[in-house]
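First comes the structure, then the notes that go with it.
The values are calculated or read from the model by the stated rules, or taken from the named source; none is laboratory data. Given the structure is predicted, the values throughout are model-derived calculations rather than measurements. Neighbour counts run over all protein chains shown; Cβ positions are idealised from the backbone, glycine included. Only protein heavy atoms, including side chains, enter the accessible area calculation; ligands, DNA and RNA are left aside. Shrake-Rupley method; radii C 1.70, N 1.55, O 1.52, S 1.80 Å.
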Amino acid sequence: MKFSNYFSPTLNENPAEAEIISHKLMIRAGLVKQASAGIYSWLPLGLKVLKNIEQIVREEQNKAGAIEILMPTIQSADLWIKSGRYKDYGKEMLRIQDRSGREMLYGPTNEELITDIFQSYVNSYKDLPLNLYHTQWKFRDEVRPRFGVMRGREFLMKDNYSFDLSQEEAKISYDKMFTAYIKTFLRMGLTPISLRADTGPIGGDLSHEFQILAKTGESTLYYDKELETLDPEKIEPEKLQSYYAAVDDIHDEKNYPINQDQLKISKGIEVGHIFYFGTKYSEKLGAYVQDNKGEKRLVHMGSYGIGISRLVGAIIEAFHDDRGIIWPIPVAPFHISLINLMTEDDKCNEVSENLYNNLVKKNIEVLYDDRKFSMGKKLSDNDLIGIPYQIIIGKRDLKENLIEVKDRKTYESQKLNPDQAFNFLINEINSKI
RNA sequence: CGGGGAGUAGCGCAGCCUGGUAGCGCACCUGGUUUGGGACCAGGGGGUCGAAGGUUCGAAUCCUUUCUCCCCGACCA
């Protein structure tokens, strides 16, 4: 993509409305624009990241055997009245009426709808286990939205729902999702810490939340340091669940079950939550199957959520410096910023265009900064946007047929000729996607 | 929902106390000069001062009402 043809409005100054670093950077780098409190428009760069995150989550869900569907944002109140939550949810639920005065709502979650879908079609234990998911916008009318997309009222969430014949089988589904979650966050370059959690208003008996480490995180986590060094190929859910991990209001300084030198303390941001809640909804909404003896049995359910839009902010909280964002390659909006410092110079243009075309042919995503701005403006804009690799092409080095390849994270750079740079980056990026 | 703060050009802000025809920086447009870390010179465009009402000869400024946004707290993916 040529920057001059793109739409990526960057800002020099910090927006008055933003408080935390990820929010500031998201606005300055032109990822989102606030539409109203806790509601955002996603601009091209932000949308690319959002889609990349969504896709990683999707791939890991599919690998774990979940099946994708798509449920609507607007739901009828009927099912919610049946489940009892139309009353319980209170003012957080955005209630609306259609033209004939029918009670509708903008879904804050989808247990009711999914259970209804399930009970409409599934009648036999032979069809279990079943695990359905979708990635859809939700709306929760928070008392106080804040922190940009990290705590929006409208937010994109992947949520899925597992159906099993028994509690034992439900635990197997639960552990599959647990494993998928760890793998998902590791793939994004994050360090996930899983914590046993209170089940909260969704109700039930087993629940874990997933936090990712970030210096600016809201909660303080105390956990076994083993949790920091997980091999995505060898995730053992039972073992991981046995490790110590607690948030600060649960952790007891004087009494915790591991050695002091095993204990790590870090800040975290919650990005996922999983629940096993048994037959709570199947009971209320009548989700039964027949078992092998022909007897009707309530299905055991679990639900699993990942805050996709929140992750965009959380990843920035985890990866940034004072120059801007530092995207991990798997979620980055582009792989390479190709910065042409001298768009007036024929040689610079020629080398830039060639390299750009060759990289694009190899399916590398390149943002080619061909804008007619001064060098400093372009360099700082690209640092702000945070694309993981930069190729800097200027008149000075080109006299010796050299261009600069810079790592956005370490800020280390090397001078290579264009062919070497091409080969280096192809290898580098393909090994990390 | 309780407490606090803010709405003036696209963005960031000054002006308000003490009423008198609205200003700065950035961005934007035109021309020129520049080019290895947010360029420079010259010229230019852009605001019913959040909205409604009131006081006054006169309101961005004083008064009333209202809307919106932000921050702190209680709650959450």
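Tell me whether the range A:334-430 comes out rounded, prolate or oblate; compute the Cα gyration tensor, take square roots of the eigenvalues as a ≥ b ≥ c, and use a/c under 1.5 as the rounded threshold. Judged from the Cα gyration tensor, the range A:334-430 comes out rounded (a/c under 1.5). Taking A:T410, A:T220 and ordering them by how much accessible surface each has at a 1.4 Å probe, largest first, produces A:T410, A:T220. Using Cβ point charges alone (K and R +1, D and E -1), the dipole size of chain A about the Cα centre works out to roughly 900 debye. In the range A:310-426, taking the dipole from charged Cβ atoms about the Cα centre, the farthest positive-side position among A:G324, A:Y356, A:P418 is held by A:G324. Gap in Å between the Cα centre of the range A:214-247 and the Cα centre of the range A:51-66? The two parts, judged by their Cα centres, are 21 Å apart. Think of the range A:58-143 as a dipole: +1 on every Lys or Arg Cβ, -1 on every Asp or Glu Cβ, centred on the Cα centre; then among A:T115, A:Y89, A:P72, A:Y89 lies furthest on the positive end.
Each stretch of four or more DSSP H residues adds -39500 (n - 2.57); spread over every residue of chain A, this sum gives -9500 deg cm²/dmol at 222 nm. The value of relative contact order for the range A:334-430, using C-alpha pairs under 8 Å at least six residues apart, is 31 percent.
Per residue, the range A:280-433 exposes 44 Å² of accessible surface when a 1.4 Å probe is rolled over the protein heavy atoms with every protein chain present.
Split the accessible area of chain A by element, probe 1.4 Å, and carbon with sulfur accounts for 47%. When peptides A:206-212, A:18-24, A:288-294 are ranked by their average number of other Cβ atoms within 10 Å per residue, the highest-first order is A:206-212, A:18-24, A:288-294.
How would you classify the range A:92-211 from its alpha-carbon gyration tensor, with a ≥ b ≥ c the square roots of the eigenvalues: rounded for a/c under 1.5, else prolate if a/b is greater than b/c, otherwise oblate? The shape class here is oblate. Tell me the net charge near A:K362. Cut-off is 14 Å between Cβ atoms, A:K362 excluded, with +1 for each Lys or Arg and -1 for each Asp or Glu. Taking every Cβ under 14 Å from that of A:K362, the sum is -2.
Measuring nothing but how far apart in sequence close Cα pairs (under 8 Å, 6+ apart) lie, relative to its length, chain A scores a relative contact order of 16 percent.
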